[in-house]
Amino acid sequence: MSSKNPIDMKDVWQKDIDHYIHPWTDFSTFKQEGSLILSDTDTDGVSVIDGDGKKYLDGIGGLWCVNIGYGREEVAQAAFDQMKQMHYFSAFGHHTSAPAALLAAKLAELAPGNLNHVFYGCGGSVANDTAVRIIHFYFNQLGKPTKKKIISRTDGYHGSTYISMSITGVKFDHIGFDIDKELVHHISCPNPYRRPHGMSEEEFCDLKVQELEDKILELGPDNVAAFFAEPIMGAGGVIVQPKGYHKRILAVCRKYGVLYVSDEVVTAFGRLGHMFASEDEFEIVPDIITCAKGLTSAYMPLGATILSDDIYEVISKPQADGAIFTHGFTYSGHPVSCAVALKNIEIMERENICGHVQEIGPYFEAQLKTLSDLQIVGDVRGCKFMMCIENVANKESKELIDPEAKVGNRIADHCQKRGLIVRPLAHMNVLSPPLVLNKAHVDFMVRTLRESIEETTADLKAEGFL
């Protein structure tokens, strides 16, 4: 920050309270406590600095998204160069820019199977919203106008536009808001940790696959358009489905002519050690992949909906004389965002960041699992740089701690005091750090989590929650 124009952090803090409506705000505390003002990043690429100069290791990667780390000057330079050359022109009506075209070709190269066609938006919610509109248009073009309904899972997260939040199955996120319950239908969460007592994981998988087939038959195959699924369920608690689940679910979708949408907004671009996880990690080639977050490592907003050749062949034919494909946004294919994405992918490939994740990810998993000896840690789960700690009152019964205790928030607060940012989700804590994390960073995170969970446990006992 320039010494000539110092920022008054108290003034910023107050103006933030007075005027800025934050996403996912807890208004029971916000108006009194306000926000932690983050104003800079550290040269280590994985830490942020607050307005008072305190450093924090970012254990959540911004929001699952700062994949190549902070402070990449060549990304800033790519954005600056594109802004100087041509910062924007509309993509409507047969106009394009080189970054948008080159990125589309690169995504087609990286995506599995015949997913060769890219529609741009500004983020993951819009990418999923776009998928729904295109799917409906696709079936209209095929003369199947009743195929409209969407199926997703309880605890799946797909965004916060009206339709993407309707597809989202995290019930807490629906409190006080409306969703479309006619269009979207949910099946239960395939969480192996919460499977019935005495049931094997294989039997649990059978149950979940059958549930999808039963739901399609209940709604009528002629009415069901698509199934939405994250390869690993993120904001619902980092749920890793039983082995073979995705392949079997895809087979059910194929049986009834239901399109499979793989929501890779979180998992794409290295978080699981692959540019795309659908095929490389889970051995499926979906009909559509949606992505965002790691696409630019959050240096610019950008999302993409990637379609198969089969879908594109249908939607790219005029539906009537003089009709056009009337979907899109002012910032679709924004040249600066696309230039940043191209540089982001170039860095990932040049530095073999996916290989780094495959090397450090298992160490991260193993070290986090050492926390399982702590009294309230019921489950440590996830894959590579996408992990979750679930806290419980009783490990045998898996009974939850009273929600009034806000255990996830307590642990996050204790971590923050020690210089680590983790994400609280009710009784859970999520970890999704930048992909450039090293073993020393992992050790600090695990040590800090241990101390913070132990302090939280002592607090809960003192207050009668345990």
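The values are calculated or read from the model by the stated rules, or taken from the named source; none is laboratory data. Computed from a predicted structure; not experimentally measured. Here Cβ is always computed from backbone atoms with ideal geometry, including for glycine, and neighbour counts include all displayed protein chains.
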Practice prompt. Scan SER337, SER397, SER297 and give me the residue that is part of a helix (DSSP H, G or I) and polar (S, T, N, Q).
Written response: SER337
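Just to confirm my filter: which strands (runs of 3 or more DSSP E) fall fully inside segment 1-85 and include at least 2 residues that are under 21 Å from ASN409 (Cα atoms) and in contact with a Ser or Thr (Cβ under 8 Å, 6 or more places away or on another chain)? If you could, list the steps in order and put the result at the bottom.
Values: elements: 38-41, 47-50, 55-58.
The qualifying strands (runs of 3 or more DSSP E) are 47-50, 55-58.
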Worksheet entry | Single condition GLU281 does not satisfy, out of (1) surrounded by fewer than 18 Cβ atoms within 10 Å (Cβ to Cβ); (2) on the phi > 0 side of the Ramachandran plot | (2)
Discussion item. Assigned to a helix (DSSP H, G or I), aliphatic (A, V, I, L, M) and over 22 Å from the mean Cα position of the chain (by Cα): which single residue out of ILE311, ILE345 fits that description?
Written reply: ILE311
Response to the item:
Reported set for segment 418-449 where residues are in a helix (DSSP H, G or I) and in contact with a Phe, Trp or Tyr (Cβ under 7 Å, 6 or more places away or on another chain) is LYS439, VAL442
Worksheet item: So which of ARG271, ARG254 is in the same structural domain as LEU110 (by TED's automatic domain parsing) and in contact (Cβ under 8 Å) with a residue 60 or more places away in the chain?
Response: ARG271
Item to complete: Quick one: GLU349 ticks every box in (1) exposed (fewer than 15 other Cβ atoms within 10 Å of the Cβ); (2) in contact (Cβ under 8 Å) with a residue 60 or more places away in the chain; (3) acidic (Asp, Glu) except a single one, so which number is it?
Response: (2)
Item to complete: Please indicate, with yes or no, whether at least one residue in segment 193-202 is over 21 Å from the mean Cα position of the chain (by Cα), crowded, with 17+ Cβ neighbours inside 10 Å and over 30 Å from GLU399 (Cβ atoms).
Response: no
Worksheet item: Which number in (1) more than 30 Å from VAL240 (Cα to Cα); (2) in contact with a strand residue (DSSP E or B) (Cβ under 6 Å, 6 or more places away or on another chain); (3) among the hydrophobic types (A, V, I, L, M, F, W, C) marks the one condition that VAL392 misses?
Response: (1)
Practice prompt. Could you list, in sequence order, all residues of segment 439-466 that are closer than 21 Å to LYS398 by Cβ and free of Cβ contacts under 8 Å to residues at least 12 places away in the same chain?
Written response: LYS461, GLY464
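A quick yes/no check of all residues on (1) out of contact with any Gly (no Cβ under 6 Å at 6 or more places or on another chain); (2) within 25 Å of PHE364 (Cβ to Cβ); (3) surrounded by fewer than 19 Cβ atoms within 10 Å (Cβ to Cβ):
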position: HIS274; (1), (2), (3): yes, yes, no
position: ASP287; (1), (2), (3): yes, no, no
position: ALA298; (1), (2), (3): no, yes, no
position: GLY303; (1), (2), (3): no, no, no
position: ILE311; (1), (2), (3): yes, no, no
position: ILE324; (1), (2), (3): yes, no, yes
position: HIS327; (1), (2), (3): yes, no, yes
position: GLY333; (1), (2), (3): yes, no, no
position: ILE345; (1), (2), (3): yes, yes, no
Worksheet item: What's the number of the condition HIS95 fails, among (1) surrounded by fewer than 16 Cβ atoms within 10 Å (Cβ to Cβ); (2) part of a loop (DSSP other than H, G, I, E, B); (3) in contact (Cβ under 8 Å) with a residue 12 or more places away in the chain?
Response: (3)
Discussion item. Suppose we keep only residues that are at pLDDT 95 or above and among the β-branched types (Val, Ile, Thr) within segment 13-36. Which one would you say is surrounded by the fewest Cβ atoms within 10 Å (Cβ to Cβ)?
Written reply: ILE21
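Any idea which of PHE119, PHE137 is buried (at least 16 other Cβ atoms within 10 Å of the Cβ), over 13 Å from ASP263 (Cα atoms), in contact with a Leu (Cβ under 9 Å, 6 or more places away or on another chain) and in the same structural domain as ASP287 (by TED's automatic domain parsing)?
On the way: PHE137 fails: in contact with a Leu (Cβ under 9 Å, 6 or more places away or on another chain).
Of PHE119, PHE137, the one residue that is buried (at least 16 other Cβ atoms within 10 Å of the Cβ), over 13 Å from ASP263 (Cα atoms), in contact with a Leu (Cβ under 9 Å, 6 or more places away or on another chain) and in the same structural domain as ASP287 (by TED's automatic domain parsing) is PHE119.
Conditions tested, residue by residue: (1) over 24 Å from ILE315 (Cβ atoms); (2) touching a strand residue (DSSP E or B) at 6+ places or on another chain (Cβ under 8 Å); (3) assigned to a helix (DSSP H, G or I).
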residue	(1), (2), (3)
ASN140	no, no, yes
ASP155	yes, yes, no
SER160	yes, no, no
PHE172	yes, no, yes
LYS181	yes, no, no
Item to complete: Check PRO242 against each of (1) part of a loop (DSSP other than H, G, I, E, B); (2) crowded, with 22+ Cβ neighbours inside 10 Å and name the one condition it does not meet.
Response: (2)
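Picking from GLY71, GLY51, GLY45, GLY59, which residue would you name as being of a type in the set (Gly, Ala, Ser) and over 30 Å from CYS291 (Cβ atoms)?
GLY51
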